[in-house]
1. What are the residues whose amide H is under 5 Å from the amide H of Asp82, where those residues sit 5 or more places off or on another chain and H is modelled from the backbone?
2. What are the residues whose amide H is under 5 Å from the amide H of Gln101, where those residues sit 5 or more places off or on another chain and H is modelled from the backbone?
3. Report, in listed order, any pair from Lys138/Lys178; Lys123/Lys190; Lys190/Lys319 with a Cα-Cα distance greater than 27 Å.
4. Can you list residues whose amide H is under 5 Å from Ile75's amide H, if they're 5+ apart or on another chain and H is modeled 1.01 Å from N?
5. Pull out the extension gain between Ile247 and Glu298, defined as 0.36 nm times the separation in residues minus the alpha carbon to alpha carbon distance; nm, one decimal.
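Just so it is clear, none of the values below were taken in a lab; they were calculated from the coordinates. Given the structure is predicted, the values throughout are model-derived calculations rather than measurements.
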Amino acid sequence: MNKKTLIGVTFCLALSLSMGRRANAGSAPTEDLEKAEWSVNARHNLESNPPPLSAVQAFLSAVGGRLEDPSLIQICDFSFADFHHSGDLSLVYSFGRYCNQTDIFDKTATSFEEYTIDAAPEKGSLRKSIQDIKHDGKLELILWAPLTGQSDIAPECDWPMVFAWNGNTYAEVSDQYKQYYEGYLSSLKKQMAAIYSRGKQAQAPAVATPQAPPTTNYQGPGVEVGSSRVQPPYPAPSPEAPSDSDIECDRVEAAKTEQFLGIHSDATMIAAIKDSESNDLYDRRLAAVLFSFIGTQEAKADLKALANDSDPDVASVAKDRLSDGLRPIENYRQVVSYSIKWPPAKH
C-alpha cells in the first residue's frame, strides 16, 4: 500500500466518525437525495450544506447503478460540485477497500448518469482534489493513479491526472493543463533538493563544540560557586535521515512528468545510468522504471540491457517495462459510464 493510499484509509475512518457526528447535529438536509434538488440555487445547497453519509449510502442503495449491491460500498469521502459549470451539482465520492476508486453521479430529468474512474483523490480528500486549475470558474478533478507496482519497486508511486467534463462526458484531459504539471515538476525538484540536503547534513562529520574554560563564578543549577564544572551547551538537533521511499517516488514521478512535458533531462538520465550500474539489485530495478519513462533511444537501449540482467527480478522488471511501455497508467485514464433510468420502470 503506498503512502497516499495509507493516508486515504486513515482519512476514511476519521471521516466516517465525523460524518456520524455531523448527521446527529441536524444541520444537514435530510430529504432523499434521489428526490432532492441538485441545483446550486436550491434551498438546501448540497455543496455548502452536505447531507450525512447515511443519506449518500441510502441514495446508492435506492438508485442502484453498475454494482449488484450498492449497500456494500464503503464510501471514503464524498462531495458535491458543479463540474458542468451549469448550476447543477454532481455527486462525487471515493470508495473501495483502499479508497482508490472514484464515482461521479449526474442528475438529469429522467435518469442518473454514473461515471467510474479507477483512480484516487489526493490523500483521500476530494476537497483537495476538486480544483479550478485555470481560475476560469470551471472545476477539474485531480485523481492519482499508480505509476509502479510492488513488483517494480516498493512502495508504489503515484501520479496525478486531470479529469473534467468535456461537454459530453468526463474525460482525462491532463494534456490541456501543462502549466499545472510544470508546477508539479518544480515542486518535486524542490522536495528532492531538500531531501538530498538533509542527507548531506546527516552524513557530515560531527564538529566538536568548543568547551568553555574552567570558571569559578558559574552558578548553574546544582553547581557550587568555585566549582570547575561548566554546563555543557544543548546539542543541536540532528537532521532527520532522508526517506528512501520518498526520494525514489519523487524521482519516478519527476521522470514521468518530464516525459509528459517533452523534457529530456541529462540529470535524470545520468542518475538512472548510475543506478543501472549499481551492485544493489533494488537500484537496478529502479533504473529500469526510470528508463521506461525517459523513453529516449539511449534509455531504451539501457532498458534492454537490464532485461538481460543476471538477477531474475531485475530482468523481469525491465522486460515488463519493455513490453508494457507507458501502459500501466493508461488503464486508469478510462472513464466508464452507466445510465440509470429514474424513477425505475414499474413492472
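1. Residues meeting the amide H criterion: Ser90.
2. Phe95
3. On the way: Lys138/Lys178 16 Å; Lys123/Lys190 20 Å; Lys190/Lys319 32 Å.
Those over the limit are Lys190/Lys319.
4. none
5. The Ile247-Glu298 span can extend by a further 16.0 nm.
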